[in-house]
Amino acid sequence: MGCTVSDLERLIARLEKAAEGSTELDTDICCALYDIDPELGRRWNEHFDPGWQGGTLDTRFLTYWRSFTRNLDAALTLVPDVGDWTITQRTRHPYQGKWLFEATVWDARSQGFAPSAPLAVCIAALRARIVS
């Protein structure tokens, strides 16, 4: 196993296309960064329910899984310890009222643009892991 640069780039491309965060994206981030079998992640997605008691899941997976793409605090745990980071809310189309979030980790090579702050931070944090 192990996550390669091309794996991270494919994951970043999926995040950039996402209109919103999801359990599936959160699980894929967890599996990629913490070297967890993606099959375990698929089983988690199939049974995702806070009250689910059917069967067992790897405790390592449960230790690392967070709502990275939907929760800003969780997304910030992905930011590597490389220095400064910023999150800026920008108008994408001033007359259409749509917002765009820009996150930068470390430098301009690690930017993320998305419709939500957590998604933007996920993108920037994963890019920072590639360039650092």
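The values are calculated or read from the model by the stated rules, or taken from the named source; none is laboratory data. What you see is a predicted model, and the numbers here were worked out from it, not measured in a lab. Neighbour counts are summed over all protein chains in view; Cβ atoms, including those assigned to glycine, are modelled from backbone coordinates with ideal geometry.
Candidates are the residues of region 116-132 that are small (Gly, Ala, Ser) and not in a loop (DSSP other than H, G, I, E, B); the one that is surrounded by the most Cβ atoms within 10 Å (Cβ to Cβ) is 124. The set of residues from region 45-71 being more than 19 Å from residue 114 (Cβ to Cβ), in a loop (DSSP other than H, G, I, E, B) and at pLDDT 70 or above comprises just one member, 65. Within region 62-83, being within 13 Å of residue 28 (Cβ to Cβ), in contact with a Cys (Cβ under 7 Å, 6 or more places away or on another chain) and not polar (S, T, N, Q) holds for 64, 65, 68, 78.
Residues in region 16-44 that are charged (D, E, K, R) and at pLDDT below 75: 42, 43. In region 88-115, of all residues being hydroxyl-bearing (Ser, Thr, Tyr) and modelled with pLDDT under 80, the one that is surrounded by the most Cβ atoms within 10 Å (Cβ to Cβ) corresponds to 91. Which residues, counting only those in region 1-37, are part of a loop (DSSP other than H, G, I, E, B), in contact with an Asp or Glu (Cβ under 9 Å, 6 or more places away or on another chain) and either among the basic types (Lys, Arg) or within 19 Å of residue 131 (Cβ to Cβ) (or both)? Correct list: 2, 3.
Consider region 72-87 and keep the residues that are part of a loop (DSSP other than H, G, I, E, B) and crowded, with 16+ Cβ neighbours inside 10 Å. The one that is farthest from the chain's Cα centre (by Cα) is 79.
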